[in-house]
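Below is one structure, written out as C-alpha cells; comments come after it.
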Amino acid sequence: MTVRSASYVMSAALLTFASAAFAGEQVLEFKLVTKPLDLKVTEVANVEGEAVMSGKMFGVAYFKDGRIAIKDFVHAADLLKGSGPIFGYSTYTFEDGSSITARYTGTVKEGQTKGEYTILSGTGAYANAIGTGGFETVKSTFKGAGLFDGRFIVKTP
C-alpha cells in the first residue's frame, strides 16, 4: 500500500469514526403539563416561609412533531417564600417505547420556573443519547398543575 493510499484509508476511517460518534442531533420542542403525585412539603422550623419539598410527579409532553410522551419524575425544591432552587430526574417515555432520561436544575422566582436539562441516557431511538435542554413556565389558570414550554437538544450515536 502506498503512502497516499494509506492516508486515504486513515482519513476515511477517521471520518467514519467521527460521524459514528454523534450521527444525529435533534431539537425536540414540546409543551408539558405536570401534576404532583406524592409530594411531601416540610416547613423549616424557625425560618419563616422556608419549605423543603420532594416527591414523585407525573406529566404529559406534547411534541411539535405530533408525538406524545409521558414524564415520570422525582422533584426536589428548597423554597423561601416561594422562591429558590429546584432539581430532579425525569424520564420521558414515548409511545414506541423509546425514552430520554435527564437531570434538571432550575429556579423558582416570583411564581415563574426556569431550568436546564442534562440528558443522562436514552433507550430505543434515543439509545446512548446525550445532550441538553431547558424549560420554563407558561402562564395558565390550571390549579394544582403546571404548564411548561420545553426543549431537548438530543445527540445520538
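The values are calculated or read from the model by the stated rules, or taken from the named source; none is laboratory data. A quick note: this is a predicted structure, and the numbers were derived from the prediction, not measured. Note: ideal-geometry Cβ built from the backbone for every residue, glycine included; neighbour counts use all protein chains shown. Only protein heavy atoms, including side chains, enter the accessible area calculation; ligands, DNA and RNA are left aside. Shrake-Rupley method; radii C 1.70, N 1.55, O 1.52, S 1.80 Å.
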field: Counted residues, the stretch 47-79 - those being within 20 Å of Gly144 (Cα to Cα) and among the basic types (Lys, Arg)
entry: 2
- request: Scan Phe152, Phe148 and give me the residue that is touching a Lys or Arg at 6+ places or on another chain (Cβ under 9 Å) and not in a loop (DSSP other than H, G, I, E, B).
  value: Phe148
- prompt: Does Leu32 count as at pLDDT 95 or above and open to solvent by 30 Å² or more (accessible area, probe 1.4 Å)?
  reply: no
statement: From the option list Gly131, Gly106, Gly59, Gly55, single residue qualifying as of a type outside the set (D, E, K, R) and farther than 20 Å from Phe30 by Cα is Gly55
- prompt: If you check Ala76 against the conditions, is it assigned to a strand (DSSP E or B), more than 24 Å from Thr156 (Cα to Cα) and among the aliphatic types (A, V, I, L, M)?
  reply: yes
query: Cβ-Cβ below 7 Å, separation at least six or inter-chain, first residue in the stretch 91-105 and closer than 14 Å to Gly131 by Cα, second open to solvent by less than 10 Å² (accessible area, probe 1.4 Å) and not in a strand (DSSP E or B): which pairs?
result: Ser99/Tyr126; Ile100/Tyr126; Ile100/Ala129
- prompt: Considering the stretch 105-143 alone, what residues qualify as being closer than 15 Å to Thr34 by Cα and of a type in the set (Lys, Arg)?
  reply: Lys114, Lys139, Lys143
- request: Give me a count of the residues in the stretch 107-133 that are surrounded by fewer than 19 Cβ atoms within 10 Å (Cβ to Cβ) and among the small types (Gly, Ala, Ser).
  value: 5
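Could you tell me whether any residue of the stretch 134-150 is touching a Phe, Trp or Tyr at 6+ places or on another chain (Cβ under 9 Å), open to solvent by 50 Å² or more (accessible area, probe 1.4 Å) and in contact (Cβ under 8 Å) with a residue 60 or more places away in the chain?
Yes, some residue in the stretch 134-150 is touching a Phe, Trp or Tyr at 6+ places or on another chain (Cβ under 9 Å), open to solvent by 50 Å² or more (accessible area, probe 1.4 Å) and in contact (Cβ under 8 Å) with a residue 60 or more places away in the chain.
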- request: Only residues in the stretch 42-57 that are closer than 11 Å to Gly88 by Cα and open to solvent by less than 60 Å² (accessible area, probe 1.4 Å) count as the first member; pair them with residues that are part of a strand (DSSP E or B) and hydroxyl-bearing (Ser, Thr, Tyr), Cβ under 7 angstrom, at least 6 apart or cross-chain, and list the lot.
  value: Met57/Thr34
